[in-house]
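Data block below; observations after.
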Amino acid sequence: MKTSIKKGDFITSILNSYSQIFFSDNKIFAGILLIVSFFDIWAGVSGLLAISVTNLLGYGMGYSPLAIKKGSYGFNSLLVGLGTGLLFQPGIELFIVVFFASIITFFIGIALEGVFTKYGLPVLSIPFLFGMWIITLASLDFGTLGLSERGIYKANELFLIGGKNLVDVYDWWNEIELFYSLKVYFLSLGAIFFQFNILAGILISIGLLFYSRIAFTLSLLGFYTAYYFYHFIGADITELSYNYIGFNFILTSIALGGFYIIPSKYSYLWVVLLLPVVVLITISASKIFVPYNITIYSLPFNIVVLMFLYSLKLRVTKSEKLTEVLVQQNSPERNLYFFKNANERFKELKYFPVSLPFYGEWTVSQGHDGEYTHQGNWGHAWDFVIEDENKKQFKGNGDIVTDYYCYEKKVLAPADGLIQEIADGIEDNVVGDVNTNQNWGNSIVIKHTEHLYSQLSHLKPGSLKVGKGDFVKKGQVLAVVGNSGRSPYPHLHFQLQATPYVGSETLDYPLSHYILKSNNDFTLRSFKKPEKGDVISNIVVNQLLKNALHFIPGQKLSFKHEIKGETVELNWIVKTDIYNNSYIHCAESNSFAYFYNDGNIHYFKNFIGDKNSQLFNFYLAIFKVQNGYYKDLKIHDNIPVNHTFKGLPLFWQDFLAPFYFFLSSKFQVQYGEPDDELSPTSIQLRSKVENYSFKKRLKTMGFSIDIDKKGIRKLSFTENGKFKAECTRN
């Protein structure tokens, strides 16, 4: 199926093909690399032709427009085009060879992608290697295509282009006083684009520093680790400057130190450990290939990176100290900041969400490792009761089961699942007596996932409303509380377990979201384990908040933006991407605010785009909001520092981020008064984002969010107490 080509997407696909060589999608960096590629005009033209042929072929044959736009196919053809353009004399024959070399490289990449993706591995620059080797070997029989002599008389070539002034500039750069090692570093960088001069390397290093401080640091770390290992083993260090193979060390370091691995002190350590391996492979591979007049190019880089990434996937236990990038942000910094924030906010989402199995406020009468029965292999369980304001569980004397507030209260399914086992027909005990022969009493076991079951025990006989094999939904009524089994007074026993039997050993497993009440103050607890004496409840969803935060695909959000006396219309739309991630898109600023809502809590997960846009303010204002209303409830969270900082503070944080964070950005939202306690028609939320450097507060951004029956009515924004902007719903 033919894919339509948009002009903007095609230009982006070309630019990204340049920056993808350094694992980047930065357009300014791509522009620098494009300029560098034209230091040899015919090489530059050949590279551009190769990208165009590959990307047009990809679009025409119906391959992924997203992959083409990212430059995933084009960068290998670009390298083949640059190499071929430099290898042969310019002419129609050269461009015909580049045309067909691009096709070969493209299909090699497609074929390898089909194999490598099964193992979760990148193709890297292997298509370039095969494509370049094919052209190099085939050229031995080319009769009409002469080998290039460009570069032999470089001064003459430059004189023809720009006269003596250009020759003087070129000579100045190449004769600049530098440490030998630094000169080789720049030559190695330039060699990635088949440009063998210091100026090319300096420009690339500047672009690399602009694109990523971590990548720039890693390029130096990787190069100098290899450089000094050459000295240590007594190998010929001049090989680096004359064969221009030092780029293998730079690319390996960036790939494993910060792109495919989350940057950290451990990823940096592994770079130091692996670079000598790259050196050994480089030296040995050169001995094998040189007799055949074939250059090893980026072979050592490909071998070590793929070998290491594949080895990580075979680990039985995943280490948090060395973590693979799962959601690629195309920048070591963004990879790190996104991972750190997601790990802080969503690490508990690895747990299947299990809620409290009741309505209203209950008290934990016995928690984990309890005094009476929750011990040993059965220690991770809870007993729940209802208490009054005097901490009593019953009215009157509590002599009969019906005196207890929790008796005959409804028991709910804590999550979706299949009824795996039931026990019924066991009589309730009189208060103070226990049935040790039928320890658990009337019980229900629900299967939620493989190896995760919940058990609810001491139920009233005959109250079970489900049977074995029934499927139940979260919140569905299952039975009522009784006093059966080993239960001296009415209470609800609740545990999570890995096996499907009544009385199975318990699992140490958290509850997803609940409200903790203490002295009339409310605290949201997420994926925590209630303790003895805690007064807790499920989140009671407020309809106003639920409606306001329920964004569905296709929904349009329209606001009027008031700033400095001017009114601007804002029109946003809710969409989902190919991975089913939900986001709000602002077409005017081309910004994206990704979100997630589990029915209890709305989270914003990520923001991409213009941080001066009102969508960004919207993202900050309701960064995390729960759907239940609790007066004066405060919810806290952390925002990625690259979203709220810029300039020099973020520049220096980027360098230190793999080792230490001195910047932080704190979010807080507080629930204000509704207009009516019993039947509210509007609620106001107040949120703020505070930026800190070394724990010193630098800036406070404040937000006021007015919500009514139609959703978010108004959003006001202040900075350090001064009014900045206001948005009102159309």
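The values are calculated or read from the model by the stated rules, or taken from the named source; none is laboratory data. What you see is a predicted model; the values in this text were computed from it and never measured. So basically every Cβ, Gly included, is an ideal-geometry build from the backbone, and we count neighbours across all protein chains shown. Calculation scope for accessible area: heavy atoms of the full protein, side chains included, ligands and nucleic acids excluded. Shrake-Rupley method; radii C 1.70, N 1.55, O 1.52, S 1.80 Å.
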**Request:** Subtracting the Cα-Cα distance from 0.36 nm times the residue separation, let me have the gained length for Tyr359 to Ser284 in nm, one decimal.
**Result:** 20.0 nm
**Prompt:** Going toward the positive end of the dipole of the chain, with +1 on Lys and Arg Cβ and -1 on Asp and Glu Cβ, which of Leu322, Gly441, Phe645 do you reach last?
**Reply:** Phe645
**Message:** If packing is taken as the average count of other Cβ atoms within 10 Å, what order do 248-258, 410-420 fall into, highest mean first?
**Reply:** 248-258, 410-420
**Message:** Out of all Cα-Cα pairs in segment 328-368, roughly what percent, to the nearest whole number, are more than 14 Å apart?
**Reply:** 68
**Message:** Using only DSSP helix segments of four residues or longer, with each worth -39500 (n - 2.57), what per-residue ellipticity at 222 nm results for the chain after dividing by its residue count and rounding to 500?
**Reply:** -11500 deg cm²/dmol
**Fill in**
Listed by chain and number, the aspartates and glutamates with an alpha carbon less than 14 angstrom from that of Lys611, same-chain partners under 8 positions apart left out, are Glu588
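Ranked by accessible surface with a 1.4 Å probe, highest first, in what order do Arg697, Arg525, Arg213, Arg315 come? Display every interim value, and only then the final one.
Numbers: Arg697 135, Arg525 80, Arg213 35, Arg315 60 Å².
Greatest to least solvent exposure: Arg697, Arg525, Arg315, Arg213.
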**Fill in**
To the nearest 0.05, the calculated FRET efficiency linking Leu273 and Asp577 through their beta-carbon distance, R0 being 41 Å, is 0.65
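Figure the gain on full extension for Glu677 and Asp236 (residue separation times 0.36 nm, minus the Cα-Cα span) and round it to one decimal in nm.
Roughly 150.6 nm would be gained on extension.
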**Request:** Indicate the gyration tensor shape class of segment 452-517 (rounded, prolate or oblate), computed on the Cα atoms with a ≥ b ≥ c the square roots of the eigenvalues: a/c under 1.5 is rounded; otherwise a/b larger than b/c is prolate and the rest oblate.
**Result:** rounded
**Protection-proxy order for peptides 554-562, 590-598, 285-293, each taking the mean of Cβ atoms within 10 Å per residue, highest first** = 590-598, 554-562, 285-293
**Complete:** So the FRET efficiency between Val477 and Ile28, C-beta based with R0 = 56 Å and rounded to 0.05, is 0.40
**segment 376-409 residues near the modelled Ala498 label - backbone nitrogen below 18 Å, point 7 Å along Cα→Cβ** = 376-381
**Request:** Using a/c under 1.5 as the rounded threshold, could you call the chain rounded, prolate or oblate? The axes a ≥ b ≥ c are square roots of the C-alpha gyration tensor eigenvalues, and prolate needs a/b larger than b/c, oblate otherwise.
**Result:** prolate
**Rel. contact order, % - alpha carbon contacts under 8 angstrom, at least six apart, the chain** = 7
**Asked** Summing Lys, Arg as +1 and Asp, Glu as -1, what charge do residues with Cβ under 12 Å from the Cβ of Phe338 carry, Phe338 excluded?
**Response** +2
**Complete:** Contact order relative to length for segment 272-424, counting C-alpha pairs under 8 Å separated by 6 or more residues, stands in percent at 13
**Message:** Could you order the peptides 450-457, 461-468 from most to least packed, using the average number of other C-beta atoms within 10 Å per residue?
**Reply:** 450-457, 461-468
**Asked** Which whole-number percent of Cα pairs in segment 629-699 have a distance greater than 21 Å?
**Response** 42
**Message:** Let's see if you can work this out: charge +1 on each Lys and Arg Cβ, -1 on each Asp and Glu Cβ, no other charges. What is the dipole magnitude of the chain about its Cα centre, in debye to the nearest 20?
**Reply:** 940
**Prompt:** Quick one: if you stick a label point 7 Å off each Cα along the C-beta vector at Ile103 and His636, how many nm between them?
**Reply:** 6.4
**Complete:** Karplus-derived 3J(HN,Hα) from phi for segment 668-682 (6.51 cos²θ - 1.76 cosθ + 1.60, θ = phi - 60°), whole Hz, x at Gly and Pro, runs 8, 10, 10, 8, x, 6, x, 6, 8, 4, 7, 9, x, 10, 8
**Listed residues Ile214, Ile32 arranged by accessible area, highest first, probe 1.4 Å** = Ile32, Ile214
**Asked** Which FRET efficiency value, to the nearest 0.05, is calculated for His585 and Lys318 with the Förster distance at 30 angstrom and r the Cβ-Cβ distance?
**Response** 0.35
**Prompt:** So how do Glu427, Glu408, Glu239, Glu387 rank on accessible area, 1.4 Å probe, biggest first, that is with the largest at the start?
**Reply:** Glu427, Glu408, Glu387, Glu239
**Request:** Extending each Cα 7 Å along its Cβ direction at Lys395 and Ile608, get the distance between those two points in nm, one decimal.
**Result:** 5.9
**Item:** Label point distance in nm, Ala725-Tyr596, each placed 7 Å from Cα along Cα→Cβ
**Value:** 2.7
**Message:** Pairs of alpha-carbon atoms within less than 8 angstrom and 6+ residues apart define the contacts here; what relative contact order does segment 1-96 have, in percent?
**Reply:** 38
**Item:** Extension gain (nm, one decimal) between Asp141 and Gln328, 0.36 nm per residue minus Cα-Cα
**Value:** 63.0 nm
**Asked** Under a straight-distance cross-link criterion of Cα-Cα below 27 Å, which lysines are reachable from Lys709, leaving out those fewer than 8 residues away in the same chain?
**Response** Lys474, Lys546, Lys556, Lys560, Lys575, Lys605, Lys624, Lys631, Lys634, Lys688, Lys724
**Request:** Please sort by residue number the GluC sites (Glu not before Pro) in segment 627-730 whose DSSP state is loop and whose Cβ has at most 11 other Cβ atoms within 10 Å.
**Result:** Glu677
**Item:** Descending principal axes extents, segment 547-631, alpha-carbon based, whole Å
**Value:** 39, 38, 20
**Prompt:** Can you give me the pair-distance distribution of segment 11-104, C-alpha pairs, 10 Å bins, whole percents?
**Reply:** 20, 51, 26, 3
**Asked** Going through the DSSP H helices of the chain, which span 24 Å or more along their own axis at the Cα atoms while scoring at least 1.6 as a mean Kyte-Doolittle hydropathy?
**Response** 92-116, 265-289
**Request:** Quick one: compute a quarter of the convex hull surface over the Cα atoms of segment 499-580 and quote it in nm².
**Result:** 11.6
